[in-house]
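A short write-up of the structure that comes next.
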Amino acid sequence: QVQLAESGGGLVQAGGSLRLSCAGSGLTFRWYAMAWFRQTPGKEREFVAATSRSGSTTSYADSVKGRFTISRDNAKNTVYLQMNSLKFEDTAVYSCAAKYYGGGDLPERYDYWGQGTQVTVSS
């Protein structure tokens, strides 16, 4: 059974930093592209960042480019999202997702999802 478990969310002041982690189990992690998405009530899920299977290629939403960094450690079956210079509008539930062999910014293409972790940025 595939499981993706996020951690690291919380409450932070604007301008602060958080590091999210997503640990995968039940899958051959290195075969999967990984991504982070976020969602707020009443809005559609939004792409944040993605990384290729090896971690050599990354992509970001324009809204987080230069502030967020996605990385992965295949030996630990974990993907990370370092979030710096956080803004109020970054407040959301952040979820990681895994896609066999491919990646991209479309949530419907991803095979597995975590439960999500809440990030709240106070202004």
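The values are calculated or read from the model by the stated rules, or taken from the named source; none is laboratory data. Being a predicted model, the structure only gives us computed values, none of them experimental. Positions of Cβ are backbone-derived with ideal geometry, glycine not excepted, and every protein chain shown enters the neighbour counts. Ligands, DNA and RNA are excluded from the accessible area calculation, which covers all protein heavy atoms including side chains. Shrake-Rupley method; radii C 1.70, N 1.55, O 1.52, S 1.80 Å.
From Cα coordinates alone, what are the radius of gyration and Dmax values for the chain in angstrom?
13.3, 40
Using alpha carbon centroids, what distance separates region 73-117 and region 1-72, in Å?
When both Cα centres are located, 3 Å separates them.
State the percentage of accessible surface on the chain attributable to carbon and sulfur atoms; use a 1.4 Å probe and exclude ligands, DNA and RNA.
45 percent
At 1.4 Å probe size, what's the solvent-accessible area of THR28? Round to the nearest 10 Å².
50 Å²
Reachable lysines from LYS87, Cα under 25 Å, same-chain residues fewer than 8 places away excluded?
Cα-Cα hits under 25 Å: LYS43, LYS65.
Rounded to the nearest whole Å², what accessible area per residue is found for the chain with the 1.4 Å probe?
Accessible area per residue: 53 Å².
List the lysines whose alpha-carbon lies under 20 Å from that of LYS99, not counting same-chain residues fewer than 8 positions away?
LYS76
If each of ARG67 and VAL2 carries a label point 7 Å out from its Cα toward its Cβ, how far apart are those two points in nm?
Distance between label points: 3.0 nm.
Show me the trypsin sites (Lys or Arg not before Pro) within region 1-89 that DSSP assigns to loop and that have at most 15 other Cβ atoms within 10 Å of their Cβ.
Listed in order of number, the matching sites are LYS43, LYS65, ARG67, LYS76, LYS87.
Report, in debye and to the nearest 20, how large the dipole of the chain comes out about its Cα centre when Lys and Arg carry +1 and Asp and Glu carry -1 on their Cβ.
280 debye
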